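Here's the structure, in structure tokens; my notes come after.
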Amino acid sequence: MEADKEVSTPDRTRSLRILALGFGLSFIHLFWYGSPWTAWLAFFCYAPFLYWLREYSKRPFVAGLTFGYFYALMNTYWLAQFVGRWTNSLLISIFVIIVVGSVWGTFYGIACVLRARIGFLQSSLAFAILLTVTELARMNIPELEFPFCPIGEPLIAYSVLAKSLQTASYAMFLVLAVNSFLTIVRFDFIRSLRADFARLRRPLVIFACCFAAAVLLANLGTPKSEQKLGLRVALGQLGTDLAYGDQHTEASRVREAVDDLSQQAMAQQADLLILPEGIASFRTTPETPFSLYPNLEVLFGTQHGTGPRYQGAYLWDGHGFRYTDKKRLVVFGEYVPFRGIIPYPAGFQLPTGDLAAGSERHTLEVKKGITVGPLICFEALFPGSAKEFQNLDASFLAVMSLDDWYIGTNAIPRLVIAARWRAVETGKWITRVGSLGRTMVIDPHGQIRAQIPEGERKLLIYDL
């Protein structure tokens, strides 16, 4: 972290203390990501670092780059855990974080340069808008959209606030705005409270008015209801590891688990059994390693096709199959950017072939007048994917995931929080199912209505 060389030693000491405070607050906030006990820390855990950018760094691009590494480290250390486990290489996991930090840092470096050179961007509200636009820009570039982690997402822990905000983007702006306003505080704490309040009063009033207007406009849309659909769904959690388990026994393990769950679902008169992704794979004719029954509809995720090959959601309706393909693919998981151009190290264990993205969305009718919008794992991270199914008037959304890769990392709560935001943004019920978990039902306000423990073979029955 570089600061202006002319800063005196006492100021350097104070600068480091402020940075240490920022790292400490962020660590607490992100270690218990999404917990209602720590979600409120989002409102000021980045303020110390933004204050350091404002007061102690005179090199805007280096300052932004530093903040980018800070942001990446705090938000994506789960990625290092995953890559390290995947490749069995500590060096590769460190390298990945360096690359991710460089990407984040470049975007924020540009934002800090713009702030330094354009006068009106130096105000707290304008800088918050600039940071929000910077993050939204990154999230819409395919190769840079993952890992996805806007810092306002943990506010889903407060249902009233999430319902008012309507979208994760509004939450991100609110968090960045409050943190930016707090950079006005001189961090002299008690001695400066009175003076800081006097200086903050006017910008806080302006911000409150702007934010209230934005929330009002957002809530003028179609009212969100929790009207019952009249559909009994069964969410089948297999309780078997499809990521790191023995590949030679995978088909038999899936068959045993699904057959057991199907029998339970029929015994409880479920209309639809929803299973995770990755439990079947075929080339032309749909084939499954498990039994299908004429009196039980089943929705599951599978790879299919030959040249190109797709990741799809298949619905067995008792007589035949209907499907829709995944449009948002996982970078380095389902496709490798610039394959053949960049010499990736052998230790990366990259997939040998790329999947193709589907060209258009389809809802799948599961009962007369009731349709489902399937989101396959990674797609649930993006508001646009869920919005497409909302525009197609899907009755509810179903997230079919394979979280086994991330068990034991901080990725799991992030995936769940993203699904909860998609429920708020679309006003739809969301079912979420994974092979080992997390399997749950989420209402249109983003609240978890029912869930089952991770790692168990279990069926969750819920009347939507």
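The values are calculated or read from the model by the stated rules, or taken from the named source; none is laboratory data. In this text, all values refer to a predicted model and were calculated from it rather than measured experimentally. With ideal geometry, Cβ positions are generated from the backbone for all residues, glycine too; neighbour counts draw on all protein chains shown. The area values use the complete protein model at the heavy-atom level, side chains included, leaving out ligands, DNA and RNA. Shrake-Rupley method; radii C 1.70, N 1.55, O 1.52, S 1.80 Å.
The set of residues in segment 54-65 being open to solvent by less than 20 Å² (accessible area, probe 1.4 Å) and not aromatic (F, W, Y) consists of S57, A63, G64. Restricting I430, I452 to residues that are of a type outside the set (D, E, K, R) and in contact with a Ser or Thr (Cβ under 6 Å, 6 or more places away or on another chain) narrows the list to I452.
Here T306 meets each of (1) part of a loop (DSSP other than H, G, I, E, B); (2) buried (at least 16 other Cβ atoms within 10 Å of the Cβ) with one exception, condition (2). Once segment 221-276 is narrowed to residues that are closer than 22 Å to W421 by Cα and of a type in the set (S, T, Y), the residue that is modelled with the highest pLDDT is S225.
Against the numbered list (1) open to solvent by 50 Å² or more (accessible area, probe 1.4 Å); (2) part of a loop (DSSP other than H, G, I, E, B), P276 comes up short only at (1).
Every condition in (1) at pLDDT 65 or above; (2) open to solvent by less than 60 Å² (accessible area, probe 1.4 Å); (3) part of a loop (DSSP other than H, G, I, E, B) holds for Q311 except the one numbered (3).
Looking at segment 388-404, which of its residues are closer than 18 Å to R328 by Cα and out of contact with any Cys (no Cβ under 9 Å at 6 or more places or on another chain)? Matches in segment 388-404: E388, F389, Q390, N391, L392, L397, A398. In segment 233-252 there is no residue that is under 18 Å from L459 (Cα atoms) and open to solvent by 50 Å² or more (accessible area, probe 1.4 Å). Note on segment 384-398: residues that are over 12 Å from E425 (Cα atoms) and basic (K, R) amount to 0.
Scan D443, D463, D393 and give me the residue that is at positive phi and either open to solvent by 40 Å² or more (accessible area, probe 1.4 Å) or of a type in the set (D, E) (or both).
The unique qualifying residue is D393.
The residue that is surrounded by the most Cβ atoms within 10 Å (Cβ to Cβ), among those in segment 359-390 that are part of a loop (DSSP other than H, G, I, E, B) and hydroxyl-bearing (S, T, Y), is T363. Looking at segment 415-438, which of the residues that are surrounded by fewer than 23 Cβ atoms within 10 Å (Cβ to Cβ) and over 20 Å from V160 (Cα atoms) is modelled with the highest pLDDT? The residue in question is R438. Determine if segment 75-92 includes at least one residue that is closer than 24 Å to L130 by Cα and touching a residue at least 60 places away in the same chain (Cβ under 8 Å). Within segment 75-92 (the criterion being closer than 24 Å to L130 by Cα and touching a residue at least 60 places away in the same chain (Cβ under 8 Å)), the answer is yes, since at least one residue qualifies.
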